Amino acid sequence: MSGLSLAARQVRAENRAFWRNPAAAFFTFAFPLIFMVLFNVLFGGSPPGAAYTPAHFFTPAIVALSIISACYTNIAMAITSARDEGILKRVRGTPLPEWAYLAGRIGQAVLVALLLVVIVSAFGEVVYGVEFPFERLPFLLAALVMGAATFCALGLAISAFIPNADASPAIVNATVLPLLFISNVFARVDEGTPAWLDTLSRVFPVRHFADLLHAAWDPRASPGFDPVQWAILAGWLVLGVLVASRSFSWEPRA
């Protein structure tokens, strides 16, 4: 059996394991919608018929959150837990190639992320009247692919620096939650934002990924190719791959 076939089988196995925990699966898909409703309630209030409402902001923002959660947070925590339980060590003793196992983990995370994109987008259109940007689909797909690849790589990279599974929620959330607040996800970065905070947010990939999605959904904008945004995302992707390839550990930490 080829390596690609083994990787595909591993994706199916990881997907079955995911759906066999219905409580975890339910909240994986429920939390983004809960955030979306709460943010629209708290920050709503646009005049009727407005071309750009808070829902137009929070729909792509929650899509960004969904991709980051599935491809960064979940991968980092799942890999750390598997390492502590000795699963990664046992995998190395099987005929399954190491890359195929990781491809299975990443493939399952991407499937969840894509399903979340569909659910959040449909919820935004049905409940808040935010039209899905079909006319900008190529741009949107490119942004989603780049974002998913970048945050999967970073999820593998950060797992190398987490000492154990008990510490993973604190470390992973500490590295991403502050960025969500300053990167056009949980709150809008506007003219009142301190310049240094705006500049700081542009160093990290969350801001640029979120801005690409906002450009796709914003009916007032014409999304174009901003080489800086794509270059920074690509830079973090390369950094994640390099760190993961050099520092990834298959052995439980003492």
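A few comments on the model shown:
- Positions within region 129-184 being of a type in the set (Ser, Thr, Tyr) and part of a helix (DSSP H, G or I), in sequence order: Thr150, Ser159, Ser168, Thr175
- Candidate set: region 1-32, residues that are assigned to a helix (DSSP H, G or I) and of a type in the set (Ser, Thr, Tyr); chosen: the one farthest from the chain's Cα centre (by Cα): Ser5
- Checking Pro205, Pro219, Pro227 one by one, the residue that is of a type outside the set (Lys, Arg), in contact (Cβ under 8 Å) with a residue 12 or more places away in the chain and exposed (fewer than 13 other Cβ atoms within 10 Å of the Cβ) is Pro219 and no other.
- On inspection, Leu177 qualifies as closer than 29 Å to Pro227 by Cα, among the aliphatic types (A, V, I, L, M), free of Cβ contacts under 8 Å to residues at least 24 places away in the same chain and surrounded by fewer than 20 Cβ atoms within 10 Å (Cβ to Cβ).
- Figure legend. Inter-residue proximity from region 182-193: first residues more than 17 Å from Val37 (Cβ to Cβ), second residues of a type in the set (Val, Ile, Thr) and modelled with pLDDT of 90 or more, beta-carbon distance below 6 Å, spacing 6+ or different chains. Indicated pairs: Ser183/Val206.
- Checked against the criterion of being over 17 Å from Ile67 (Cα atoms) and among the aliphatic types (A, V, I, L, M), the candidates Val206, Val130, Val176 yield just one match: Val130.
- Matching residues, region 85-137, being hydroxyl-bearing (Ser, Thr, Tyr), surrounded by 19 or more Cβ atoms within 10 Å (Cβ to Cβ) and closer than 19 Å to Val11 by Cα: Tyr101
- On the stretch given as region 191-211, residues that are more than 18 Å from Thr53 (Cα to Cα) and in a helix (DSSP H, G or I) total 12.
- Condition check for Phe248: within 30 Å of Glu98 (Cβ to Cβ), among the hydrophobic types (A, V, I, L, M, F, W, C) and surrounded by 13 or more Cβ atoms within 10 Å (Cβ to Cβ): yes
- Taking the conditions (1) in contact (Cβ under 8 Å) with a residue 40 or more places away in the chain; (2) farther than 24 Å from Glu98 by Cα; (3) not aliphatic (A, V, I, L, M) in turn, Gly147 satisfies each one other than (2).
- If you go through region 23-37 and keep only what is modelled with pLDDT under 85 and either loosely packed, with under 10 Cβ neighbours inside 10 Å or among the aliphatic types (A, V, I, L, M) (or both), you end up with Ala23, Ala24, Ala25.
The values are calculated or read from the model by the stated rules, or taken from the named source; none is laboratory data. Small disclaimer: the values here were computed from a predicted structure and weren't measured. As a convention, Cβ positions derive from the backbone with ideal geometry for all residues, glycine included, and neighbour counts pool all protein chains shown.
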